[in-house]
Amino acid sequence: SAMGQRRAGATVPTVRDEINTLLESRGFASPVVTDTSYTFERYLRPGEWPRFSSWIVDDVVGPKTTKVGVGFFVSLRLEVVVGDERVATIKQRYLRAKPHQVAASSTDAPRPTLQPPADVAPEVAAWRPAPVAQTPRFDTLRQGDALPGLVVKVSPTLIIAGALASQDFQDVHHDFLYIQRRGHPTVFMNMMAVSGLVGRFVTDWSGPDAILRGHTLRLGRPNYAGDVLRLAATAAKLEVVDG
């Protein structure tokens, strides 16, 4: 399995599958990941074969009233290991909600709006490779320094490609009619793709010699096809650890 999710055609469900099936049978069918965190003990080396543990359920909380409907929050975690060595830990919290609106049929479901906001010029919103950065020296950094901004047009292609690259086969990231029947206007980006963009945003500034030890994300709303994602940040704290 990938990220603890069952592959198409697999016969043995994971604990995540079982929770989702149970909640969906009671009408909590609209899914969205709200929080995720990554802790990296070290980077992988060429030739290594990482393995994912099964999902471990930390808690299930609900029902809670949210912007996307009444639902349950499920908190999970898993470990990534090479041999007997843990190299990373992944934590995830997601919501399964009863959608506010459900289209009567696939024929009358609204079509998604895929145009970026008018205040974003097409050449700014377009996807393009980032410039290669040089790692800054610690003594040149100051608290409050701004990182170079990153603006990304959230296109259907980017959403689907990001889900495929992270082997996330959830319908909400590629099936337009399915997701509209679940109360969302259109498909939205999966959390692994968002995490990848955040990692790129940081390493565009920190350069090739820096090591990203971890990051934590909380989404206030999904990144829908047609949205424009803007990333901005400042250096909040500078400290020397163990010399």
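Please go through region 193-210 and pick out each residue that is open to solvent by 30 Å² or more (accessible area, probe 1.4 Å), of a type in the set (A, V, I, L, M, F, W, C) and touching a strand residue (DSSP E or B) at 6+ places or on another chain (Cβ under 8 Å).
First pass over region 193-210, keeping only residues open to solvent by 30 Å² or more (accessible area, probe 1.4 Å): 196, 200, 202-205, 208-210.
Pick out the ones that are also of a type in the set (A, V, I, L, M, F, W, C) and you get 202, 205, 210.
Scanning region 193-210 gives a single hit, Val202.
Six or more apart or on different chains, Cβ under 6 Å: which pairs go from a residue in region 214-243 that's surrounded by 11 or more Cβ atoms within 10 Å (Cβ to Cβ) to one that's of a type in the set (D, E, K, R)? Could you list them?
Val228/Lys153; Ala235/Asp145
If you take the residues in region 137-162 that are without any contact (Cβ under 8 Å) to a residue 60 or more places away in the chain and part of a helix (DSSP H, G or I), which one is most open to solvent (accessible area, probe 1.4 Å)? Steps first, please.
Step one: of region 137-162, the residues without any contact (Cβ under 8 Å) to a residue 60 or more places away in the chain are 137, 139-140, 148, 157-158, 160-162.
Next cut, part of a helix (DSSP H, G or I) only: 139-140, 157-158, 160-162.
Working: Asp139: 87, Thr140: 80, Thr157: 104, Leu158: 42, Ile160: 55, Ala161: 50, Gly162: 16 Å².
For region 137-162, the residue satisfying everything is Thr157.
Restricting attention to region 169-179, does a residue exist that is part of a helix (DSSP H, G or I), over 14 Å from the mean Cα position of the chain (by Cα) and crowded, with 20+ Cβ neighbours inside 10 Å?
Yes; the residues of region 169-179 include at least one that is part of a helix (DSSP H, G or I), over 14 Å from the mean Cα position of the chain (by Cα) and crowded, with 20+ Cβ neighbours inside 10 Å.
His184 fails exactly one of the following numbered conditions: (1) at pLDDT below 90; (2) open to solvent by 60 Å² or more (accessible area, probe 1.4 Å). What is the number of that condition?
(2) is the only condition that His184 fails.
Just the residues that are in a loop (DSSP other than H, G, I, E, B) and modelled with pLDDT under 90, please, taken from region 188-211. Full working, then the answer.
Taking region 188-211 and keeping what is in a loop (DSSP other than H, G, I, E, B), we get 189-190, 207-211.
Within region 188-211, Gly207, Pro208, Asp209, Ala210, Ile211 qualify.
When Gly220 is evaluated against the numbered criteria (1) at pLDDT below 90; (2) closer than 30 Å to Arg45 by Cα; (3) small (Gly, Ala, Ser), which criterion, by number, is the only one it fails?
(2)
Considering only residues that are among the β-branched types (Val, Ile, Thr), surrounded by 14 or more Cβ atoms within 10 Å (Cβ to Cβ) and touching a Gly at 6+ places or on another chain (Cβ under 9 Å), which ones fall in region 33-71?
Thr34, Thr39, Val68, Val70
Across region 42-87, what is the number of residues that are closer than 24 Å to Glu24 by Cβ, of a type in the set (Lys, Arg) and part of a strand (DSSP E or B)?
Residues of region 42-87 that are closer than 24 Å to Glu24 by Cβ, as a first pass: 52, 54-78.
Imposing the further condition that a residue be of a type in the set (Lys, Arg) reduces the set to 64, 67, 77.
Filter once more, so that each one left must be part of a strand (DSSP E or B): 64, 77.
Residues flagged as closer than 24 Å to Glu24 by Cβ, of a type in the set (Lys, Arg) and part of a strand (DSSP E or B) within region 42-87 amount to 2.
The values are calculated or read from the model by the stated rules, or taken from the named source; none is laboratory data. Predicted model, so just to flag it, every value in this text is computed and none were measured. Positions of Cβ are backbone-derived with ideal geometry, glycine not excepted, and every protein chain shown enters the neighbour counts. Accessible surface areas use protein heavy atoms only, side chains included; no ligands, DNA or RNA. Shrake-Rupley method; radii C 1.70, N 1.55, O 1.52, S 1.80 Å.
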